Structure formats: structure tokens, C-alpha cells
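The values are calculated or read from the model by the stated rules, or taken from the named source; none is laboratory data. This one's a predicted model, so the numbers in the text were calculated from it and none came from an experiment. Methodologically, a virtual Cβ is constructed for each residue, glycine included, from the backbone with ideal geometry; neighbour enumeration extends over all protein chains shown. We work out accessible area using only protein heavy atoms, side chains counted, and drop any ligands, DNA or RNA first. Shrake-Rupley method; radii C 1.70, N 1.55, O 1.52, S 1.80 Å.
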Number of protein chains: 2
Amino acid sequence: MNTPDDDWLRLDQQICFSLHAASRAFNGVYRVILKDLGLTYPQYLVMLVLWEHGELPVKKLGEHLRLDSGTLSPLLKRLEAAGLVSRERSARDERSVEVRLTEEGSALRRRALEVPRRIAASTGFGADEIRALRARLDELTTALDAAALAESPGGSPADARS
Amino acid sequence: MNTPDDDWLRLDQQICFSLHAASRAFNGVYRVILKDLGLTYPQYLVMLVLWEHGELPVKKLGEHLRLDSGTLSPLLKRLEAAGLVSRERSARDERSVEVRLTEEGSALRRRALEVPRRIAASTGFGADEIRALRARLDELTTALDAAALAESPGGSPADARS
DNA sequence: CGCCATTCAATTGCACACAACTTAATTGTG
DNA sequence: CACAATTAAGTTGTGTGCAATTGAATGGCG
């Protein structure tokens, strides 16, 4: 009786909504800061992975970012049009497409180095606070992903490979 | 020298990315659970506000949800097509449009009551943990919003009305 | 060797999210 | 009262995000 149904609906709104709002607020700050680089926020995430790993197939990129080809294909096409990456079918496996940084894409990294500092400043959070929050969010994501599989309409254990 | 540039770019990826991933993970769980109700996640957020406030103009709805008419207009049109809400120009101010729950929309609330519990279970977090995380995220959002204004290209004090 | 299940990208269709613009109504001011 | 500035919705265009489908290539198995 502490939490009648009405309160449940209210509390619920606040949890999911806070996350939704925070995500969009982050997006907004990145949008402003990344405009100089000519990148959107998701494009920046792709570039971060490429700057770290150099070159990798679309599949691997998707695993790092939890995105599928439906999202990545058009995004990569835009990065290619911007001259930042090249896409080439792998010689060994013609199904796979290797995404590589162009010289221009690699060079952009230097200009991107100041982004993290500006973002960190925008949050007003210290490094430790950020680390703690990140850990919390990762726990949450792991739990939610597991739950999505279980709840899934065909929530069959068949999906839960390994 | 504790944090060379490389580490900054890595850490940065993790903060923004964790939030991005958590938000999408939440979205995924809601997608599954809300499918029964025929609602998308943002549509559910709109319905939550309407269930709480009954009826209100698009503008107010946008303030509660931090969404503008560009997002809300088509979304509300879909909710109207689904028979859950009605839209009617206000008599007192013809610019404004009042969004009201239909009987069907009000009735849907009963079926939505179980959603919060299922979501809470999916997170695996306790009520206190959720509250703490929500508070943290709200701080973050406030800070980011303020920063976005300041960073804004025309980050002129002219924008900061009042 | 030949066939079928699997895998990878790309495409299609739908639904946000947001900037920029348009249109209509209202308010403030002279 | 008339007119400029403001305000509210809606529209347009771009860019994700994801389910479902398609098409090409690969790998396993008889």
C-alpha cells in the first residue's frame, strides 16, 4: 500500500524518462561540439572505434556499437561521401566489407582530441563520478538486454546461444 | 600525464556510449512489453503524461517531455489514428490544440498498470537504486542543458532569456 | 561434387528527434 | 484601431534505430 498503482506509473515515468532525457541532452551537447568536425553523434562513435582499431569489417563495428547493418550501412555511406572512410569488400570473404580510415579520417582524430575535455566540462561531473555512473549504466544495460531476450515473444531459450 | 590523449578518447567513448547503449536497451525492453498495448516507447511516455494530467495543449505536453512540435505532431496524429486521443483547437486560443484522452485511451491505462512492475523487474535494480540513478541522471541532464546553451554557436546571453 | 543452412551487407518501411521554415492567431505598442 | 513582434502547430528535410526482407557468398554434409 506504500505504492499504489498511481505511484507506480509516476515512478516509472521518471526512471525511463530520466534516461531518455539524459541521452538526448548528451546528444544535444555533442551536436553543438561536433558541428565543427562535421560529424553527428553516432558518426563520432563510429570514428572513435575506427581511431582505436584502425580498420575492421562492418560486422565487428556493429558489435562494438551494438548497431546492425540497417543503421550502419547508410551511416557509413555518409562517412564515405564525406571522405573520412573507405569501404571495400574483403578479398578473403566477399560477403564482408572492410571499413578503413582515409588519410582525412585519420587526420580528423587530432581535431577530435579536445572533444572529451569539453564534454567532461559540460557534465560538471568529476572523473570518479563519471566512472561510477558509467558502471551503473553498464549493469543496467546488461540486465535489460538479458531481460529483453527472456521477455521476447519468441523468448525461446534457442536464442540464448552459448 | 595520467591521462594521455588516447585515454581521453577511450574514456569519452565509454561515458557517452554507456548512456546511449542503456537508453537503447531500455527502449528494447519497452518495445517488447508495449507491443501488447500497441504503443511505441515515446507514445507510452505521452500517454503517461495524459493519464496523469487528463488533457492539455501540445505545448504543455512538449514541456513535460522536452519534445517539440516537430516530434509531437506526427506522433499525436498516430495516437489519434489509433483512437487513443483526440485533438481539437482550443476555443479560447485558436493557435493552441488540446489533446484529450478518448474513452479507449483512458481505458488503456488499466492495461498499462502492469508495465512498470515488469520493467522494474527487468532492470534487476531495487527501488532505492533506481531512485539514486534517476537523481544522478537528472543532475546530468540539467548540467548538460545548461552547457548546451553556453556552448551554443550563438551562445549569446541573448538566448538566456529571463 | 552438389545442395542447403548460415552469414554478412544492403535495402525497405516505419517511427522518432530535431533544425529550419511556414502559417495562423494573439499580444503589445503607438 | 493598425501593425509589428511573438507564439503555437504543423511541415519539410536529414539522420538515426530497428524489424524484416533480399541477395550474394560461404561452409558443412551427404
>> Please compute the modelled spin-label separation between A:Glu52 and B:Arg87, points set 7 Å along Cα→Cβ, answer in nm with one decimal.
In response: 4.2 nm
> Of all accessible surface on segment B:59-121 at a 1.4 Å probe, what whole percent is carbon and sulfur?
Replying inline: 47 percent
>> Once the cut-off is 16 Å, how many percent of the Cα-Cα pairs in segment A:47-130 end up in the long-distance tail?
In response: 59 percent
> Residue by residue through segment B:80-97, which ³J(HN,Hα) values in whole Hz follow from phi under the Karplus form 6.51 cos²θ - 1.76 cosθ + 1.60 (θ = phi - 60°), with glycine and proline marked x?
Replying inline: 5, 4, 7, x, 8, 9, 10, 10, 8, 5, 5, 6, 6, 9, 5, 6, 8, 10
>> How big is the dipole moment of segment B:32-162 about its Cα centre under a simple scheme where the beta carbon of each Lys and Arg is +1, that of each Asp and Glu is -1, and everything else is neutral? Debye, nearest 20, please.
In response: 320 debye
>> What does the copy distance list look like for B:Glu94, label position 7 Å along Cα→Cβ, in nm and ordered from shortest?
In response: 6.6
> Given H placed on each backbone N at 1.01 Å, which residues far from A:Val97 in sequence or on other chains put an amide H within less than 5 Å of it?
Replying inline: A:Val58, A:Lys59, A:Ser90
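Roughly how much accessible area, to the nearest 100 Å², goes out of reach of solvent when A and B pair up, both sides summed, probe 1.4 Å?
Answer for the A-B pair: about 6600 Å² buried.
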>> Using a label point 7 Å beyond Cα on the Cα-Cβ vector, give me the inter-copy distances for B:Arg118 in nanometres, one decimal, shortest first.
In response: 4.3
>> Can you sort B:Trp51, A:Trp8 by solvent-accessible area, 1.4 Å probe, largest first?
In response: A:Trp8, B:Trp51
> Taking the alpha-carbon set of the protein assembly as shown, what are its Rg and Dmax in Å?
Replying inline: 21.6, 69
> Which residue is it, in chain B, whose C-beta lies closest to the B-to-A rotation axis, and what is that distance in whole Å?
Replying inline: B:Ser23, 2
>> Just the number: Rg to Rh for chain A, Cα atoms, Kirkwood Rh, two decimals.
In response: 1.04
> Put a point 7 Å out from Cα along the line to Cβ at A:Ala82; what are the distances to that point in the other copies, in nm, shortest first?
Replying inline: 3.4
> Kirkwood-based Rg over Rh for segment A:1-96 (C-alpha set), two decimals?
Replying inline: 1.18
>> For segment A:11-124, what does the accessible surface come to per residue with a 1.4 Å probe? Please give it in Å².
In response: 49 Å²
> Is there a simple number for the mean count of other chain Cβ atoms within 10 Å of the Cβ of residues in A:63-70, and what is it?
Replying inline: 2
>> Using the Karplus curve 6.51 cos²θ - 1.76 cosθ + 1.60 with θ = phi - 60°, what ³J(HN,Hα) values do you get for each residue of segment B:103-120, in whole Hz, with x for Gly and Pro?
In response: 4, 4, x, 5, 5, 4, 4, 4, 6, 7, 4, 7, 4, x, 5, 5, 5, 4
